[in-house]
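Have a look at the structure below before the remarks.
The values are calculated or read from the model by the stated rules, or taken from the named source; none is laboratory data. Computed from a predicted model, the values in this text were never measured in an experiment. Because the Cβ atoms are built from the backbone with ideal geometry, glycine has one as well, and the counts that use them run over all protein chains shown. These area figures cover heavy atoms from the full protein model, side chains too; ligands, DNA and RNA do not enter into them. Shrake-Rupley method; radii C 1.70, N 1.55, O 1.52, S 1.80 Å.
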Amino acid sequence: MNAPIIARTVAELRQTVATWRRAGARVALVPTMGALHPGHVSLVDLARASAGRVVTSIFVNPTQFGPNEDYSKYPRTFDADVERLGKAGCELVFAPSPDVMYGHGFATTISLEGPAKAGLEDAFRPSHFAGVATVVAKLLIQCGPDVAIFGEKDFQQLAVIRRMVRDLDIPVEIIGAPTLREADGLAMSSRNVYLSAAERAAAPVLHGVLRDCAARIAQGETFEGVLAEGRVQIERAGFALDYLELRDAATLAAPRLDTTAALRLLAAARMGATRLIDNVHAQKAQES
Ligand code: PAF
């Protein structure tokens, strides 16, 4: 394993990427906030399969956290992250400081509609996607990758980024990567470390209910009946539910009852002080 180069400034990042490009390499970017787990490594694996050279950014982006959220206590494990990335074959880690990303007088934010206003995460984290979109746009402009990889676990985020890249003609292919799960189904997340032992034991119910709801929708049960029962089951497991919703997978709009499109079941719920999100594919039974 070669230790990755660490770039702290945009100039350092661009210099290495330019060297790679002169040698004819394709470049992939994996944007992260660090606290890496095997789910992130799977994004790097996908990046390596899509391009010869991989950049991973590690930046805990302050602008996507609300005033009462966990920005200051978000896990920061930089040295372990860099080691993990080196083993995974990532050659360049871009780790800017907040001052590098948001210099004196910074005054520009991307304004979003469409999937960013779907009434899911945005209903509970009103300024979140403006922060995400602005930092992702900056990372894409700073790095100029051919492809960028984002996890499907943040399904609404992925839809927002796809929309932004199309709308702003940013020349990059966005690839969504499947969610990696623990053996009991819990979606891997940097925030899982916040769960107490009892909370961790109860947490997989969220995924279990999503899977159960998807199976019942596939069998032709009514959307509202399935969702109503799912909501009760999630709350019975000790979660405070923010939402459990069924949406068109491409637009995140509420689906028509006779839809044949791919659907997505999405949930967010709080277990103690930890907020978990998850989602699964769903499809209505096809009428013959
Ligand atoms: O998904 C994340 O980790 C973050 O939202 C991202 C895309 C790195 C932007 O800060």
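Scan the range 1-49 for residues that are more than 16 Å from the ligand (Cβ to nearest atom) and either among the basic types (Lys, Arg) or in contact with a His (Cβ under 7 Å, 6 or more places away or on another chain) (or both) and the total you get is 6. Taking first residues from the range 61-83 that are within 13 Å of the ligand (Cβ to nearest atom) and partners that are hydroxyl-bearing (Ser, Thr, Tyr) and modelled with pLDDT of 95 or more, the Cβ contacts under 7 Å between residues at least 6 apart in sequence or on separate chains come to PRO62/TYR71; THR63/THR134; PHE65/TYR71; PRO75/SER190.
Kindly evaluate ALA49 against the criterion of being aliphatic (A, V, I, L, M), open to solvent by 20 Å² or more (accessible area, probe 1.4 Å), under 21 Å from ILE174 (Cβ atoms) and free of Cβ contacts under 8 Å to residues at least 24 places away in the same chain.
Numbers: aliphatic (A, V, I, L, M): yes; open to solvent by 20 Å² or more (accessible area, probe 1.4 Å): yes; under 21 Å from ILE174 (Cβ atoms): yes; free of Cβ contacts under 8 Å to residues at least 24 places away in the same chain: yes.
In short, yes.
With the requirement that a residue be part of a helix (DSSP H, G or I) and under 26 Å from GLY52 (Cα atoms), what does the range 139-156 give you? Can you show your working first?
Of the range 139-156, the ones part of a helix (DSSP H, G or I) are 139-143, 155-156.
Listed by number, the residues that qualify are LEU139, LEU140, ILE141, GLN142, CYS143.
Here is a check on your reading of the model: is GLU121 over 28 Å from VAL27 (Cβ atoms), within 13 Å of the ligand (Cβ to nearest atom) and either among the acidic types (Asp, Glu) or open to solvent by less than 70 Å² (accessible area, probe 1.4 Å) (or both)?
Working: over 28 Å from VAL27 (Cβ atoms): yes; within 13 Å of the ligand (Cβ to nearest atom): yes; either among the acidic types (Asp, Glu) or open to solvent by less than 70 Å² (accessible area, probe 1.4 Å) (or both): yes.
Yes: the conditions hold for GLU121.
Among the residues of the range 266-281, none qualifies, meaning not one is basic (Lys, Arg), out of contact with any helix residue (DSSP H, G or I) (no Cβ under 8 Å at 6 or more places or on another chain) and either under 17 Å from GLY119 (Cβ atoms) or buried (at least 20 other Cβ atoms within 10 Å of the Cβ) (or both).
Residue by residue through the range 35-50, note down the ones that are closer than 11 Å to ARG84 by Cα and in a helix (DSSP H, G or I). Please lay out each step first, then the result.
Here is the first cut: in the range 35-50, the residues closer than 11 Å to ARG84 by Cα are 35-38, 40-41, 44.
Listed by number, the residues that qualify are PRO38, HIS40, VAL41, VAL44.
Please specify each residue of the range 177-206 satisfying the condition of being more than 13 Å from the ligand (Cβ to nearest atom) and either part of a loop (DSSP other than H, G, I, E, B) or among the acidic types (Asp, Glu) (or both). Listed by number, the residues that qualify are PRO178, LEU180, GLU182, ALA183, ASP184, GLY185, LEU186, LEU195, SER196, GLU199, ALA203, PRO204. Of the residues making up the range 50-60, those that are of a type in the set (A, V, I, L, M, F, W, C) and within 11 Å of the ligand (Cβ to nearest atom) are ILE58, PHE59, VAL60.
Could you list, in sequence order, the residues of the range 52-72 that are part of a loop (DSSP other than H, G, I, E, B) and either surrounded by 14 or more Cβ atoms within 10 Å (Cβ to Cβ) or under 19 Å from the mean Cα position of the chain (by Cα) (or both)? It would help to see each step written out before you state the result.
Residues of the range 52-72 part of a loop (DSSP other than H, G, I, E, B): 52, 59-61, 65-72.
The answer is GLY52, PHE59, VAL60, ASN61, PHE65, GLY66, GLU69, ASP70, TYR71.
Take the residues in the range 151-173 that are hydrophobic (A, V, I, L, M, F, W, C) and surrounded by fewer than 23 Cβ atoms within 10 Å (Cβ to Cβ), then tell me which one is nearest to the ligand (Cβ to nearest atom).
We begin by selecting, within the range 151-173, every residue hydrophobic (A, V, I, L, M, F, W, C); these are 155, 158-161, 164-165, 168, 170, 172.
Checking the rest, the ones that are also surrounded by fewer than 23 Cβ atoms within 10 Å (Cβ to Cβ) come to 158, 165, 168, 170, 172.
Numbers: LEU158: 9, VAL165: 13, LEU168: 16, ILE170: 14, VAL172: 13 Å.
So, considering only residues that are hydrophobic (A, V, I, L, M, F, W, C) and surrounded by fewer than 23 Cβ atoms within 10 Å (Cβ to Cβ), the one nearest to the ligand (Cβ to nearest atom) is LEU158.
Do we have ILE174 as at pLDDT 95 or above, closer than 26 Å to PRO62 by Cβ, among the β-branched types (Val, Ile, Thr) and in a helix (DSSP H, G or I) here? It is false that ILE174 is at pLDDT 95 or above, closer than 26 Å to PRO62 by Cβ, among the β-branched types (Val, Ile, Thr) and in a helix (DSSP H, G or I).
Please state which of the following conditions VAL147 fails to meet, knowing it meets all the rest: (1) within 12 Å of the ligand (Cβ to nearest atom); (2) within 27 Å of ALA18 (Cβ to Cβ). Condition (1) is where VAL147 drops out. Among the conditions (1) within 26 Å of PRO98 (Cβ to Cβ); (2) open to solvent by 20 Å² or more (accessible area, probe 1.4 Å); (3) within 13 Å of the ligand (Cβ to nearest atom), the only one that ALA133 does not satisfy is (2). Taken over the range 213-257, the criterion of being touching a Leu at 6+ places or on another chain (Cβ under 8 Å), open to solvent by 70 Å² or more (accessible area, probe 1.4 Å) and assigned to a helix (DSSP H, G or I) is satisfied by GLU235 alone.
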